[in-house]
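Data first, discussion second: the structure below is written as structure tokens.
The values are calculated or read from the model by the stated rules, or taken from the named source; none is laboratory data. Please read these numbers as outputs of a predicted model, since none were measured by experiment. Don't worry about glycine lacking a Cβ; one is built from the backbone with ideal geometry, like all the others, and counts go over all protein chains shown.
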Amino acid sequence: MPETLSVAGAVELARVERGGFVESRHAGAALVLDPDGQVIERLGDVDAPILPRSSLKPVQALACMAAGAPLAGQSLALATASHSGTDRHVAVVRDILDSAGVDERSLQCPPAWPADTTTRDTLVRAAGEPERLRMNCSGKHAAMLAACVAQGWERETYLDPEHPLQVQIRELVERLTGERVQAIVVDGCGAPVFAVSLSGLAKAAHRIGGSSERSPFALHRNAAALVAAVREHPWAIDGPGRPDTIAVETTGVFAKGGAEGVMIMVAPDGTTVALKMLDGSGRAAGVVALRLLERAGALSAADVTRAREALPLRVRGGGRDVGAISPAF
């Protein structure tokens, strides 16, 4: 059975400190590529397979664009997002569906409460219920449906790994990572997720993040448009006060976290980080990626400090700050 890196293949990436006592440690693996795509730092076993989870969404969105899904600006950012389910997010997802002439009942992601606390509280007070549109992957699913409409593909089975769209996504994953998919399993939203190495994921992120809108190749033009859309609409990729949005707003990176402690991050100069926390916790993934980019000279210490101050990294005790989550280096 395929499996991710072992405990022996992991290194310490972050620490949780409470009142001067190191309470917990997060171990994992990380890879840093320079603007030319060359390895400049390797931490742990980066060749073991991982499940990229939502960090794969940029590739999935590009496959949908290649299939003809009309995505641009906010809708492209939402197709790439793990959004927090605010009304603003939902409105853009509806726009994607409306442009394709598809009803929201066609979405096959599970119903969910919004992750945004204010929005959830409002829905609860109004006796609302979990909705597919509020699910954090609804933008991706809407884009998949739009691609199916553009190609005339069957919509009812769009999550089947053998559906033409999912085959196209798998082929693009292999093209951008430079390796064969090692396993196909079901993601939390019901879509297929493809196992690749952390090294392969870093290569894919670097190729996407370093693409030019002036490229003669449509894939690279679409990738550049995707990155620009996220940087222009950082609220869309995650949500107000949430880690990916904070990282994009404060440092200008392209950031896309995934479940189980996965993160890809590309600095404006193309320096790229991909990492996986072995314990599956994502709470330190963003700050570790930012620190690695700073250490590579791709981000200023001032920008990273500003991001760290905004990220939810404080450890609380007795109603006050008593420690923090921080990189282990």
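Points worth noting:
- Criterion applied to Ala72, Ala63 was being in a helix (DSSP H, G or I) and touching a residue at least 60 places away in the same chain (Cβ under 8 Å), and the one residue passing it is Ala63.
- Checking Ala14, Ala79 one by one, the residue that is closer than 25 Å to Cys137 by Cβ and either small (Gly, Ala, Ser) or in contact with a Gly (Cβ under 7 Å, 6 or more places away or on another chain) (or both) is Ala79 and no other.
Listed here are the residues, each with its yes/no results for (1) part of a loop (DSSP other than H, G, I, E, B); (2) of a type in the set (Val, Ile, Thr); (3) touching a strand residue (DSSP E or B) at 6+ places or on another chain (Cβ under 9 Å); (4) free of Cβ contacts under 8 Å to residues at least 40 places away in the same chain.
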site	(1), (2), (3), (4)
Thr4	yes, yes, yes, no
Gly9	yes, no, yes, yes
Ala14	no, no, yes, no
Glu17	no, no, yes, no
Ser24	no, no, yes, yes
Ala27	no, no, yes, no
Leu31	no, no, yes, no
Ile40	no, yes, yes, no
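One line per residue, one yes/no per condition, for (1) in a loop (DSSP other than H, G, I, E, B); (2) farther than 20 Å from Ala63 by Cα:
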site: Gly85; (1), (2): yes, yes
site: Val90; (1), (2): no, yes
site: Val93; (1), (2): no, no
site: Ser99; (1), (2): no, no
site: Arg134; (1), (2): yes, yes
site: Ala150; (1), (2): no, no
site: Glu156; (1), (2): yes, no
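- Filter result (among the hydroxyl-bearing types (Ser, Thr, Tyr) and either under 23 Å from Arg120 (Cβ atoms) or free of Cβ contacts under 8 Å to residues at least 12 places away in the same chain (or both)) within segment 237-250: Thr245
- Residues satisfying the criterion are present in segment 156-170 (criterion: within 17 Å of the chain's Cα centre (by Cα), of a type outside the set (Lys, Arg) and at pLDDT 95 or above).
- From the list Val173, Val92, Val102, the lone residue that is more than 18 Å from Pro52 (Cα to Cα), crowded, with 19+ Cβ neighbours inside 10 Å and in contact with a helix residue (DSSP H, G or I) (Cβ under 7 Å, 6 or more places away or on another chain) is Val92.
- Verdict on Val181 being at pLDDT 95 or above, under 13 Å from the mean Cα position of the chain (by Cα) and either surrounded by fewer than 18 Cβ atoms within 10 Å (Cβ to Cβ) or outside any strand (DSSP E or B) (or both): no
- Meets criteria (modelled with pLDDT of 95 or more, more than 25 Å from Glu174 (Cα to Cα) and in contact with a strand residue (DSSP E or B) (Cβ under 7 Å, 6 or more places away or on another chain)) for Pro111: yes
- Selected residue (criterion: farthest from Lys140 (Cα to Cα)) from residues of segment 177-223 that are among the aliphatic types (A, V, I, L, M) and free of Cβ contacts under 8 Å to residues at least 24 places away in the same chain: Val181
- Residue match in segment 68-89 (condition: touching a strand residue (DSSP E or B) at 6+ places or on another chain (Cβ under 8 Å) and either farther than 25 Å from Lys203 by Cα or at pLDDT below 95 (or both)): yes
- Gly190, sole failed condition from (1) surrounded by fewer than 20 Cβ atoms within 10 Å (Cβ to Cβ); (2) in a helix (DSSP H, G or I); (3) of a type outside the set (Asp, Glu): (2)
- When residues in segment 6-39 are screened for being surrounded by fewer than 15 Cβ atoms within 10 Å (Cβ to Cβ) and closer than 21 Å to Leu293 by Cβ, 5 of them pass.
- Annotation: of all residues in segment 105-125 being surrounded by fewer than 16 Cβ atoms within 10 Å (Cβ to Cβ) and of a type in the set (D, E, K, R), the one that is nearest to Asp244 (Cα to Cα) is Asp121.
Listed here are the residues, each with its yes/no results for (1) at pLDDT 95 or above; (2) acidic (Asp, Glu); (3) farther than 24 Å from His206 by Cα; (4) in contact with a strand residue (DSSP E or B) (Cβ under 8 Å, 6 or more places away or on another chain).
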| site | (1), (2), (3), (4) |
| --- | --- |
| Leu275 | yes, no, no, yes |
| Ala284 | yes, no, no, yes |
| Val288 | yes, no, no, yes |
| Gly297 | yes, no, no, no |
| Val304 | yes, no, no, no |
| Ala310 | yes, no, yes, no |
| Leu313 | yes, no, yes, yes |
| Val322 | yes, no, yes, yes |
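- Within segment 251-276, residues that are farther than 15 Å from Pro52 by Cα reach partners that are at pLDDT 95 or above and of a type in the set (Phe, Trp, Tyr) with beta carbons closer than 8 Å, at six or more positions or on different chains, in the pairs Val266/Phe254.
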